[in-house]
Amino acid sequence: MDAVNLLGFDLEGLAAYCEQLGEKRFRATQLFRWIHQKGAWEFSQMSDLAKSLREKLAGRAHVTGLSVISEHVSADGTVKWLFDVGQGNAVEAVFIPEDDRGTLCVSSQAGCAVGCRFCSTGHQGFSRNLETSEIVAQLWYAEHSLRKRFNTDERVISNVVMMGMGEPLQNYGALVPALRVMLDDHAYGLSRRRVTVSTSGVVPMIDRLREDCPVALAVSLHAPDDALRDQLVPINKKYPIAELLDACERYLECAPRDFITFEYCMLDGVNDQPEQAQALIQLLRGRINCKLNLIPFNPFPASGLKRSSRARVQAFAEILIRSGIVTTVRKTRGDDIDAACGQLAGEVQDRTRAHIRMVRAPVVVKNSAP
Ligand code: SAH
Ligand code: SF4
């Protein structure tokens, strides 16, 4: 039998594993704390663990992170790591330091099968889902390497956003145990409000997440109507806006925050017109408690799209704010190292021919101003 990577277990899973070895539950808690709170990977390092358990683990189990292909540090302090996940695939994670928090942006898949027009990952196609251990390994590595760098024993990462490469709700089975590790007080102890799953709108999985592991939810909206959203976020053809908003309302019944964040990537001449702001107001106001986060589009060569001007973004935001919808404009961080939203490209051995499908089929904008 292959040795198991203990980074792939939440505490329940690790307890069940220890039981199989004839060990008590509290041993699992000890082990879990060594791995996640101290960043240990060698069983011999785990000094208060019974020698008999250490001997049982040796050979049967291991704690193995991902190999780091590169690390880039931006002028603004943002750090981007490229991790090797084998067979020519690599994924990225990004640390964004701010005064009052440290956020890690984590990947869930090598590539992404949703294929949004404006997203570099989407253009690369899809290779495979990450395993739980590979999702957790990004946090494990980032947290402990940053503690070393800042020479501290205190927690550095206070927030996690599942906004790296991939659609987390299309890798649900691996995602949920990884979220549980992030939340567990014996591991990273992050509050549910500080762990955010961002989704393009996989409606049935939004409902399951509400039951299994409610954390903060961000939904990538990007358009006020189905005709445009079908083109920008193709999964909309399967789960159109009305169904998506219904799922968001249901989610709020159990969510740790009393609002949903809608992300809206501002594309020049495509979704940034004043009428489209009005249509958004019609869609959202009075219907759902939300915050709107406008993201200036981060261009990449193959997209064929342009970033909205600052003035356009500001005008769009003002219309929404005047209507009473809480609206913010996301600051772009780490763009000098290609670490900004939608620029994460990693390395993807595409199995879906996405790049061929997406070659410059123009986005057709109906009803927009000249
Ligand atoms: N698949 C998930 C999470 C990863 S994408 C989702 O789509 O929500 C994280 C965020 O970055 C999403 O809101 C996405 O729409 C946005 N994004 C993607 N490409 C972008 C780009 N080129 N510029 C700005 N934001 C982008
Ligand atoms: Fe996938 Fe999200 Fe990119 Fe769309 S925006 S292609 S869902 S990673």
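The values are calculated or read from the model by the stated rules, or taken from the named source; none is laboratory data. Predicted model, so just to flag it, every value in this text is computed and none were measured. Heads up, the Cβs are rebuilt from the backbone with ideal geometry, glycines too, and the neighbour counts pull from every protein chain shown. SASA here: full protein model, heavy atoms, side chains in, ligands and nucleic acids out. Shrake-Rupley method; radii C 1.70, N 1.55, O 1.52, S 1.80 Å.
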Are any residues in the range 37-74 assigned to a loop (DSSP other than H, G, I, E, B) and not small (Gly, Ala, Ser), and if so, which ones? Gln37, Lys38, Trp41, Glu42, Met46, Asp48, Leu49, Arg60, Val63, Thr64, Leu66
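Here is a yes/no grid of residues against (1) at positive phi; (2) touching a Leu at 6+ places or on another chain (Cβ under 9 Å):
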residue	(1), (2)
Ser47	no, no
Ala50	no, no
Gly111	yes, no
Gln124	no, no
Glu134	no, yes
Ala137	no, yes
Ala142	no, yes
Arg147	no, no
Which numbered condition Ile288 misses (of (1) within 12 Å of ligand 1 (Cβ to nearest atom); (2) in contact with a helix residue (DSSP H, G or I) (Cβ under 9 Å, 6 or more places away or on another chain); (3) assigned to a loop (DSSP other than H, G, I, E, B)): (1)
Just wondering, is there one or more residues in the range 294-302 that are at pLDDT below 95, over 18 Å from the mean Cα position of the chain (by Cα), open to solvent by 20 Å² or more (accessible area, probe 1.4 Å) and more than 9 Å from ligand 1 (Cβ to nearest atom)? yes
Would you mind stating whether Pro97 is touching a strand residue (DSSP E or B) at 6+ places or on another chain (Cβ under 9 Å) and either under 20 Å from Asp212 (Cα atoms) or away from ligand 2 (no atom under 16 Å from the Cβ) (or both)? yes
Between residues in the range 12-36 that are more than 11 Å from Leu53 (Cβ to Cβ) and part of a helix (DSSP H, G or I) and residues that are at pLDDT 95 or above and of a type in the set (Phe, Trp, Tyr), which pairs lie under 6 Å by C-beta distance while being six or more apart or on different chains? Leu14/Phe32
Quick one: is Ala255 small (Gly, Ala, Ser), modelled with pLDDT under 95 and either in contact with a Phe, Trp or Tyr (Cβ under 7 Å, 6 or more places away or on another chain) or away from ligand 2 (no atom under 16 Å from the Cβ) (or both)? yes
Which one of these is closer than 30 Å to Ala311 by Cα, within 16 Å of ligand 2 (Cβ to nearest atom) and touching a residue at least 24 places away in the same chain (Cβ under 8 Å): Pro234, Pro224? Pro234
Determine, yes or no, whether Ser107 is within 12 Å of ligand 1 (Cβ to nearest atom), at pLDDT 95 or above and under 19 Å from Asn298 (Cβ atoms). yes
